[in-house]
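Asks: The structure that follows is given in the form of structure tokens.
Laboratory data are not the source of any read-out in this text; all were calculated from the coordinates shown. Values in this document were obtained by computation on a predicted structure and should not be read as measured data. FYI the Cβ positions are ideal-geometry reconstructions off the backbone, even for glycines, and counts take in every protein chain you see.
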Amino acid sequence: MSTLLSVEDLWVRFRGPNRVVEAVRGVSFTLGRERLGIVGESGSGKSMTGRAILRLIRPPGEMSARRLELDGTDLLALTERQMRAIRGHRISMIMQDPKFSLNPVVRVGEQIAEAYRAHARVDRREARVRALEMLHAVQIRDPERVYDAYPHEVSGGMGQRIMIAMMLVPEPDLLIADEPTSALDVTVQMQVLAIMDKLVREKGMGLIFISHDLNLVASFCDRVLIMYAGRIVETCEAKRLHEARHPYTRGLLASLPQIDKPVPRLAVLERDAAWRKQGGIDASV
Amino acid sequence: MPASETTALGSAGKAPKAPSERRAEAPARDALPPPAIAVSDLRVAFGKGAERFEAVRGVSFSVASGQSYGLVGESGSGKSTVLRAIAGLIDDWSGRIEVKGRPVEKKRRARSFYRTLQMVFQDPYGSLHPRHTVDRMLSEPLAFHRFDHIEKRIERVLEDVGLGPAFRFRYPHQLSGGQRQRIAIARALVLEPSILLLDEPTSALDVSVQAEILNLLKDLQAERRLTYLLVTHNLAVVAHMCSEIAVMNAGEIVEVMSVEQLRRMAPTHPYTRQLLDASTGYDAEKVARFERFA
Amino acid sequence: MNESREIPQHAPSWHEWLASDVPTSRLHARCVQLYLSWRAFRTNTLAMVGLFILLGLVLVAILGPLLITHDPYAQDLSKRLMPPGTGGFWLGSDELGRDIYSRIVMGAGITLYIVALVAVTAPLMGLIVGTLAGYLGGWVDNVLMRLTDIFLAFPKLVLALAFVAGLGAGLENAILALILTAWPPYARIARAETLTIRNSEFIDAVRMVGLGPLRIIVGHIWPLCLSSIIIRMTLDMAGIILTAAGLGFLGLGAQPPTPEWGAMISSGRKFVLDQWWVAAMPGLAIFTVSLGFNLLGDGLRDVLDPKSSGQGGGS
């Protein structure tokens, strides 16, 4: 499997007046054309890892890494202007709430067409055709009508599909999805995942899927990284997540109630101070 | 204890309903204690004229005293609206709601209602007043309901929810999500109600914190013989907490099942089936078969 | 997040007690909150300048009689319109030979009196009207807000003029007119804040205690509206001083020989080309105090803004 993205020793720090908060502490992994899940609880640094790959850490935050390469391009060496060309063209990101990512005063179809025109030199008519195709691909039944809708006129599930359409229309090499379906109902969530799954497979993209939902990641991804306190504590095949070894992962799994396995009391995760001190795992393949 | 413990819960002056309008289990009613909550033909509509939208369309169920009853559904199913109507946070509803055998009013409720029934909200970040200390949040209800030994009660309820006295004078921003939800539970319990309405109490929390809160709720129920009405979208959480589960879709209860039935993954209604499929992880083939239920 | 913070090993100092994460009493909790706000405020240099200007104004108003060099009412026509620094007049003398410096010092008290009365009454009126309208909604909202609109539709000075004309000229009536013209914006702000607060879960939670609307408004909604009201108030104070000065200037506020700053400018306008100091010196005083209020308001906005400082204590 060819390596699409390699991250080596990634750090994200936030400097406050009195103390430094280290959100990501030396994370290393590689990504092929696969679906990689990053799971962890809030504050584990999973979202910051996603943002750092796009170099989207704003001051007072700062990032550093020994290596950050996308398909042979050294992302650390690029200027901000060059980086902007990478974002959206070669790497796209889907956020949790589509309402904040879409421009509220521009019709959604035009936003998708614009995203496509920024990538490919085509005229408006062609961009419109492509945008409609894309809306169709994300299983929007009436693309013509949705094309002319404003973001506030669409439901949450529809909004997230539109986001996916917009992010995938430039055909990026890598898609980073940060809790893309957490705000949606379970059935809508599954439908959105199915669309993402299909498109990623067809276009041979790499996908980084950031989520707090262990079961979802286990069933959706190929490989999983488990993050705790800014480090990768364990990595395994998604199918084998339930055989995980690290006490943190085990504890998380045990604390989940299960429909078919009743327990009188749920296991409570006892956090061991040693986990925080342990070095992270290099999840490169 | 409050001075007037035996005040009527609702308006006793309402004409009694005709026998035919009573619920099916009415004959057994004289022998058994009344259900903690009984809802019949509840309807709630929002908006007026052409914008009128019926969020709850004729819902009936009853929760036995000491039981945990689950209400599951997706957003827009009307499950939270049912809860808010029972709590008195919505006053524009029709139908009949009885708490401990007494019908409740639509507008202002008697003080004693709030000493019988309390609510825990979904968002631990939004349900605590940002400028009030924990102490104020707990002492205000006690003072308003003229409880005695306020100091002792506050200390005890903080102990009961697993927080020490050290948390008493903190502001919400000095607490973690799990601690906030414990405070919210303490606030609900401080008036010593026998019924708790739980509106997605763990959906905003990390899974490990969720386990702690669910355990706490179970312990408190055993200690205080509480009745729970739990609203959630998470089937695993209801399966863990509740003995009976009503599934709601588009303002109606589509199925009522026992927890055993849920554990066997043997629902009868196709909507419940689909919800169950969606809750057990991603499976492309199952998703392809999803339909729309309205 | 991984916080690499130092844990103090020694007995807590005064500073640590004030910055404590675990207050031990109601008073302690309040002190910590105040201290943390003060610490955030202190870093804003301009706001501190504003605060010092206003503290200066208060001091001058209190110590006025000790600071003056002349009797502010004593006329000496032989020494009229003396330039600053001559004849023992630091800031010159006016057309009746009175010491401008002493009159400005004595006028500080009057300015403070106007500001204090308006600053307490107008925001309170606005707060009551706005939160009632916002929380109760329905016809109450309609009636109160249309009333507010009517008041807002008039230019401030014109409305104040009408009031004063109706009530008669004089400082007290000018203040009353200022209050009646100043409250509507506060009502607007309070209503807008209330509309967002009203639907939050913590208000639902106190409704579940059984509290009535009045207790909820005063105990739970007011504390959250207060910060934006205070900010607006400090920013408004400059305008109020200027309106009061304007009324004085038009002869409808404080009556001569009261050393009110606006009235002093008014009487100095006849000589503004040849004896500029007569009008410029009280003008400078108004400018300084207005600037002080504006700087303070900007600083308070950073500290008090509920959107940013809700989390501001701990981190």
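Asks: When the convex hull of the Cα atoms of region C:196-263 is projected onto a plane and the area is averaged over all directions, what value comes out in nm²?
Replies: 6.5 nm²
Asks: Turning to a different aspect of this structure: Against the longest principal axis of chain A, how steep is helix A:108-119, in degrees 0 to 90 to the nearest 10, with axes from Cα atoms?
Replies: Long axis of A:108-119 versus the principal axis of chain A: about 80 degrees.
Asks: Under a point-charge model restricted to the Cβ atoms of Lys and Arg (+1) and Asp and Glu (-1), what is the dipole moment magnitude of region B:32-288 relative to its Cα centre, in debye to the nearest 20?
Replies: With only Lys, Arg, Asp and Glu charged at Cβ, the dipole is about 920 debye.
Asks: Kindly provide the helix-only [θ] at 222 nm of chain C, computed as the sum of -39,500 (n - 2.57) over DSSP H runs of four or more divided by all residues, to the nearest 500 deg cm²/dmol?
Replies: -23000 deg cm²/dmol
Asks: Among the trypsin sites (Lys or Arg not before Pro) in region C:195-237, which ones are in a DSSP loop with at most 12 other Cβ atoms within 10 Å of the Cβ? Mind listing them?
Replies: Passing both the DSSP loop test and the Cβ count: no residue.
Asks: Strictly greater than 23 Å: what percent of every Cα pair in region A:75-183 meets that?
Replies: Value for region A:75-183: 24 percent of Cα pairs lie more than 23 Å apart.
Asks: About its Cα centre, how strong a charge dipole does the protein assembly as shown have in debye, to the nearest 20, once Lys and Arg get +1 and Asp and Glu get -1 at the Cβ?
Replies: 680 debye
Asks: Set Lys and Arg Cβ to +1 and Asp and Glu Cβ to -1, take the dipole of region C:146-294 about its Cα centre, and tell me which of C:G212, C:T234, C:M264 lies farthest positive.
Replies: C:G212
Asks: In terms of the Cα gyration tensor, with a ≥ b ≥ c the square roots of its eigenvalues, is chain B rounded because a/c is under 1.5, prolate because a/b exceeds b/c, or oblate?
Replies: oblate
Asks: Is region A:41-130 best put as rounded, prolate or oblate by its Cα gyration tensor, with a ≥ b ≥ c the root eigenvalues, rounded for a/c under 1.5, and otherwise prolate when a/b is larger than b/c, oblate when not?
Replies: Oblate, because a/c is 1.5 or more while a/b does not exceed b/c.
Asks: Here's something else I'd like to know. Mind checking the dipole of chain C: about its Cα centre, +1 per Lys or Arg Cβ, -1 per Asp or Glu Cβ, Debye to the nearest 20?
Replies: 340 debye
Asks: Still on this structure, I have one more. Hey, what's the Kirkwood Rh for the protein assembly as shown if you take every pair of different alpha carbons, in angstrom?
Replies: 32.0 Å
Asks: Based on alpha-carbon centroids, what's the gap between region B:249-294 and region C:225-299 in Å, whole number please?
Replies: Distance between centres, Cα-based: 71 Å.
Asks: Using amide H atoms built 1.01 Å from N in the peptide plane, name the residues 5+ places from A:I57, or on other chains, whose amide H lies under 5 Å from its own.
Replies: When sequence neighbours closer than 5 places are left aside, there are no close amide H contacts.
Asks: Once the Cα gyration tensor of region A:208-256 is found, what semi-axes does its equivalent ellipsoid get, as square roots of 5 times the eigenvalues, in whole Å, sorted largest first?
Replies: For region A:208-256, the ellipsoid semi-axes come out as 14, 13, 10 Å.
Asks: Under a point spin-label approximation (7 Å from Cα along Cα-to-Cβ), what is the C:A74-A:V285 distance to one decimal in nm?
Replies: Each label point lies 7 Å from its Cα, and together they span 9.6 nm.
Asks: Counting only residues 5 or more places away or on other chains, whose amide H sits under 5 Å from the amide H of A:R67 once H atoms are built in the peptide plane?
Replies: Those qualifying (amide H under 5 Å, at least 5 residues apart or on another chain) are A:E8.
Asks: Find the relative contact order for region B:154-255 and round it to a whole percent, using C-alpha pairs within less than 8 Å whose residues are 6+ positions apart.
Replies: 23 percent
Asks: Taking Rh as the Kirkwood radius computed over C-alpha pairs, what is the Stokes-Einstein D of region C:201-315 at 37 °C in a medium of viscosity 0.692 mPa s, expressed in µm² per second?
Replies: This corresponds to a translational diffusion coefficient of 190 µm²/s.
Asks: What spacing in nm lies between the two simple spin-label points modelled at C:L55 and C:E16, each 7 Å away from Cα in the Cβ direction?
Replies: About 2.8 nm, to one decimal.
Asks: Another question, if that's okay. Arrange the following residues from fewest to most other Cβ atoms within 10 Å of their Cβ: C:W222, C:W17, C:W38, C:W277.
Replies: Ordered from fewest to most neighbouring Cβ atoms within 10 Å, C:W222, C:W17, C:W38, C:W277 come out as C:W38, C:W17, C:W222, C:W277.
Asks: Then there's this: At 7 Å along the Cα-to-beta-carbon direction for both A:L56 and B:R146, put a label point, then send me their distance in nm to one decimal.
Replies: Result for the modelled spin labels: 5.8 nm.
Asks: A further question follows. Taking the Cα centroid of region A:208-228 and of region B:58-103, what is the distance between the two, rounded to the nearest whole Å?
Replies: Centre-to-centre (Cα) distance: 36 Å.
Asks: Now, a different point. Report, in degrees rounded to the nearest 10, the 0 to 90 angle that the Cα long axis of helix A:124-137 makes with the longest principal axis of chain A.
Replies: In chain A, helix A:124-137 runs at an angle near 50 degrees to the longest axis.
Asks: I'd like the distance separating the alpha-carbon centroids of region B:110-170 and region B:175-222, in whole Å.
Replies: For region B:110-170 versus region B:175-222, the Cα centre distance is 13 Å.
Asks: Calculate how many DSSP beta bridges within the protein assembly as shown are antiparallel, expressed in % of all such bridges and rounded to the nearest 5.
Replies: 55 percent
Asks: Where is the GNM fluctuation largest for chain B (alpha-carbon springs, 10 angstrom cutoff): B:E159, B:E98, B:E51?
Replies: So, out of B:E159, B:E98, B:E51, the one fluctuating most is B:E51.
Asks: Next up: What percent does the relative contact order of chain B come to when contacts are Cα pairs within less than 8 Å and at least six residues apart?
Replies: Relative CO of chain B lands at 23 percent.
Asks: Mind running the shape call on chain C? Use the C-alpha gyration tensor, a ≥ b ≥ c as the square roots of the eigenvalues: rounded below 1.5 for a/c, prolate if a/b tops b/c, oblate otherwise.
Replies: It comes out oblate by the Cα gyration axes.
Asks: Which three extents, in whole angstrom, do the alpha-carbon atoms of chain A cover along their principal axes, largest first?
Replies: 59, 49, 42
Asks: With chain A treated as a Gaussian network of Cα nodes joined by springs under 10 Å, which of A:A254, A:A137, A:A52 yields the largest mean-square fluctuation?
Replies: A:A254
Asks: Within the set A:K46/A:K277; B:K48/B:K106; A:K198/B:K286; A:K261/B:K100; B:K48/B:K107; A:K198/B:K79, which residue pairs have Cα atoms separated by over 22 Å?
Replies: Violating the 22 Å limit, Cα to Cα: A:K261/B:K100; A:K198/B:K79.
Asks: Return one quarter of the surface area of the convex hull spanned by the alpha-carbon atoms of region B:119-188, equal to its mean projected area, in nm².
Replies: 4.2 nm²
Asks: Next up: So what's the net charge close to B:D277: Lys and Arg +1, Asp and Glu -1, counting the other residues with Cβ under 14 Å from its Cβ?
Replies: So the environment of B:D277 carries a net charge of -3.
Asks: Give the relative contact order (percent, whole number) for region A:98-171; include only Cα pairs under 8 Å separated by 6+ residues.
Replies: Relative contact order for region A:98-171 comes out at 46 percent.
Asks: Share of antiparallel DSSP beta bridges in region B:32-288, in percent to the nearest 5?
Replies: 55 percent
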